[in-house]
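Just below is one structure, and these are the notes that go with it.
The values are calculated or read from the model by the stated rules, or taken from the named source; none is laboratory data. All figures in this text were calculated on a predicted structure; none of them were measured in a lab. The accessibility values were calculated without ligands, DNA or RNA, using every heavy atom of the protein model including side chains. Shrake-Rupley method; radii C 1.70, N 1.55, O 1.52, S 1.80 Å.
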Amino acid sequence: MDISVIVPLYNEEESLPELESWIARVMKENSFSYEIIFVNDGSTDNSWKVITSLQEKNPNVKGVCFRRNYGKSPALNVGFERAQGDVVITMDADLQDSPDEIPELYRMIKKEGYDLVSGWKQKRYDPLSKTIPTKLFNATARKVSGIPNLHDFNCGLKAYHHDVVKNIEVYGEMHRYIPYLAKNAGFARIGEKVVHHQARKYGKTKFGLNRFVNGYLDLLSLWFVSKFGGKPMHIFGFLGTIMFLIGMIAAIVVGTSKLWAMYHGDAYRLVTDSPYFYIALTMMILGSQFFLAGFIGELISRNAEGRNNYQIREEI
Ligand code: UDP
Ligand code: MG
């Protein structure tokens with residue numbers, strides 16, 4: 001099979017028939033063999049009914065229906081597990097992404113050898129309250145992820161080599177960072193294509209402004225996991241040791257100055273009078289806490305299920 005199109009959707013009944021016929025037309029014009037996997041993420045409208053009726057007309061349509069709303073990332077993940085095509089394309093259900101981009105995305109993966117091609121909505125049709133924070137978000141994501149050539153991490157329209165989707169796990173709200181997940185899994189050839197974007201025709205957006213707060217936190221944890229996930233002691237143990245050492249030096253200063261004072265007959269000077277006493281106290285406590293956090297982290301990562309999973313490109 002040439003192409004799998006994965007469409008996560010949540011209450012998008014109006015757009016689905018139009019989207020399906022548009023994709024089918026593009027596929028037919030280019031004579032691709034394909035499947036469209038609609039992942040119904042617990043819609044409360046008639047989306048699932050629409051999907052079943054589309055399936056009756058077009059056997060290339062497949063559907064997965066969640067019992068409740070889990071989010072876009074879990075929907076994509078399930079789609080990735082099911083996908084059979086050589087090239088996998090994800091697309092939003094709201095008709096903001098154009099299926100006309102499919103042939104070129106397919107060509108870039110197949111002929112130009114990209115692992116992942118991300119869409120770039122260079123000219124966007126979204127409200128200003130969304131486009132401005134998005135610019136900031138993308139600049140941060142570029143820096144942290146070390147993928148300097150992407151302008152639009154969160155674009156719903158992306159194309160993947162089959163191997164990529166089988167080797168990444170999109171959980172929580174990590175759909176914003178799939179290129180970063182792919183990079184961490186060892187897929188380095190990440191490209192970009194300017195795509196057409198349209199205003200939402202039906203329904204309304206499913207993500208509010210809290211996307212930027214959550215997105216930022218997700219980016220932090222991804223960065224942390226990718227950097228120290230396999231070796232937590234390297235960060236916590238290091239910080240803990242440094243703090244403990246500072247604390248110890250401060251304790252020695254406090255102790256010797258007390259002895260010194262006593263020796264000179266000033267027995268009433270309390271150790272708590274010295275600022276070094278408080279430095280010693282906090283640093284030693286914090287230091288041992290950090291060290292312990294690192295140690296527990298090591299124990300956890302040593303027991304993690306995927307600890308010995310490595311990405312192997314080829315074997316001969
Ligand atoms: N979506 C989903 N589950 C959710 C929220 C959204 O499957 O919990 C789907 C939604 O139906 C759409 C896509 O994810 O197909 C992108 O959502 P939306 O268009 O609301 O996001 P925006 O374009 O505003 O970023
Ligand atoms: Mg949208």
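So with the 1.4 Å probe, I'd like the accessible area per residue for the stretch 246-293, rounded to whole Å². Show your work: numbers first, answer last.
Details: 3550 Å² over 48 residues.
The answer is 74 Å² per residue.
Straight-line reach from residue 258: which lysines have a Cα under 20 Å away, not including same-chain ones fewer than 8 places off?
Qualifying lysines at Cα under 20 Å: none.
Round to the nearest 10 and give me the degree value, 0 to 90, for the angle of helix 232-263's Cα axis relative to the longest principal axis of the chain.
With both axes taken from Cα atoms, the answer is about 20 degrees.
Please give the length that would be gained between residue 248 and residue 209 if that part of the chain were fully extended, namely 0.36 nm times their separation in residues minus their C-alpha to C-alpha distance (nm, one decimal). List each step's numbers first, then the result.
Details: separation 39, 0.36 × 39 = 14.04 nm, distance 4.65 nm.
Roughly 9.4 nm would be gained on extension.
In degrees from 0 to 90, rounded to the nearest 10, what is the angle of the helix 16-29 Cα long axis to the longest principal axis of the chain?
70
In whole Å, how far is the Cα centre of the stretch 1-29 from that of the stretch 277-300?
Answer, in whole Å: 54.
Give 121/201; 121/183; 72/158; 166/193; 158/183 a once-over and call out the pairs whose C-alpha atoms are over 19 Å from each other.
Values: 121/201 17 Å; 121/183 21 Å; 72/158 14 Å; 166/193 22 Å; 158/183 15 Å.
In this structure, 121/183; 166/193 lie more than 19 Å apart at Cα.
Give the angle, between 0 and 90 degrees and rounded to the nearest 10, that separates the Cα long axis of helix 128-145 from the longest principal axis of the Cα atoms of the chain.
60
Report residue 48's accessible area, 1.4 Å probe, all protein chains in place, as a number in Å² to the nearest 10.
90
Read phi for every residue in the stretch 307-313 and hand back ³J(HN,Hα) as whole Hz from Karplus 6.51 cos²θ - 1.76 cosθ + 1.60, θ = phi - 60°, with x for Gly and Pro.
In residue order, the calculated couplings are 5, 10, 8, 10, 7, 10, 7 Hz.
Starting at the first residue of the stretch 103-114, write each ³J(HN,Hα) from the Karplus equation 6.51 cos²θ - 1.76 cosθ + 1.60 with θ = phi - 60°, in whole Hz, x for Gly and Pro.
x, 5, 4, 4, 5, 5, 6, 6, 9, 8, x, 6
So what is the relative contact order of the chain, in percent, for Cα pairs below 8 Å that sit 6 or more residues apart? Show your work: numbers first, answer last.
Numbers: 500 pairs, mean separation 54.3, N = 316.
RCO, the chain: 17 percent.
How many angstrom separate the Cα center of the stretch 92-110 from the Cα center of the stretch 178-197?
14
For 52, 134, what's the largest-to-smallest order of accessible area, 1.4 Å probe? Walk me through the numbers on the way to the answer.
Numbers: 52 55, 134 20 Å².
Highest to lowest solvent-accessible surface, that is 52, 134.
Return the Rg/Rh value of the chain, two decimal places, where both radii are evaluated on C-alpha atoms and Rh is the Kirkwood radius.
Numbers: Rg = 26.7 Å, Rh = 22.6 Å.
For the chain, the value is 1.18.
For the full complex of protein chains and a 1.4 angstrom probe, list 285, 178 by accessible area with the highest value first.
Details: 285 95, 178 5 Å².
Heavy-atom accessible area, descending, gives 285, 178.
Tell me which residues come under 5 Å, amide H to amide H, from residue 5 once H is placed; ignore anything under 5 positions away on its chain.
Residues meeting the criterion, in which the H sits 1.01 Å from N, are 35, 36, 37, 89.
Pull up the cross-link candidates among the aspartates and glutamates for residue 123, meaning alpha carbon to alpha carbon under 13 Å and not fewer than 8 places away within one chain.
97, 152
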